[in-house]
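Let me begin by presenting the structure, written as structure tokens, before commenting on it.
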Amino acid sequence: MKSAESESTKIECPYCGYKMPIKRDKNAVCKGLYVQCKARNCKKNFEIRINAEIK
Ligand SMILES: [Zn+2]
């Protein structure tokens, strides 16, 4: 049902839900990458962690 386009999802801040101008696709793998939330009242750093293997 999903189109290819809907498989890229925007990264959201886990604190405030702000949608960051960063997209991931469903097969993305990421860990240890930190960004700062762009929302004015948030500005928290959070880790982008996607499908990261836990060993
Ligand atoms: Zn935020």
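Bear in mind that the values in this text are calculations on the coordinates, not laboratory data. Treat the numbers as computed from the prediction; the structure is a model and nothing was measured. Cβ: placed from backbone, ideal geometry, glycine included. Neighbour counts: every protein chain shown.
Here are a few things to note about the model shown:
- The simple spin-label model puts a point 7 Å past each Cα toward its Cβ; for Asn27 and Cys42 those points are separated by 2.9 nm.
- Taking every alpha-carbon pair under 8 Å whose residues sit at least 6 apart, the chain reaches a relative contact order of 29 percent.
- Sum of side-chain charges, Pro21 neighbourhood, beta-carbon under 13 Å (Lys, Arg +1; Asp, Glu -1): +4
- Nearest-0.05 FRET efficiency for Ala52 and Lys19, computed from C-beta distance (R0 30 Å): 0.90
- Lys-Lys pairs in the chain that are eight or more residues apart or on separate chains and whose Cα atoms lie under 22 Å of each other come to 23.
- Since only Pro14, Ala28, Ala39 are under comparison, the one whose Cα sits farthest along the positive direction of the charge dipole of the chain, derived from C-beta charges on Lys, Arg, Asp and Glu, is Ala39.
- Counting neighbouring beta carbons within 10 Å and listing from fewest to most, the residues Val29, Val35 come out as Val29, Val35.
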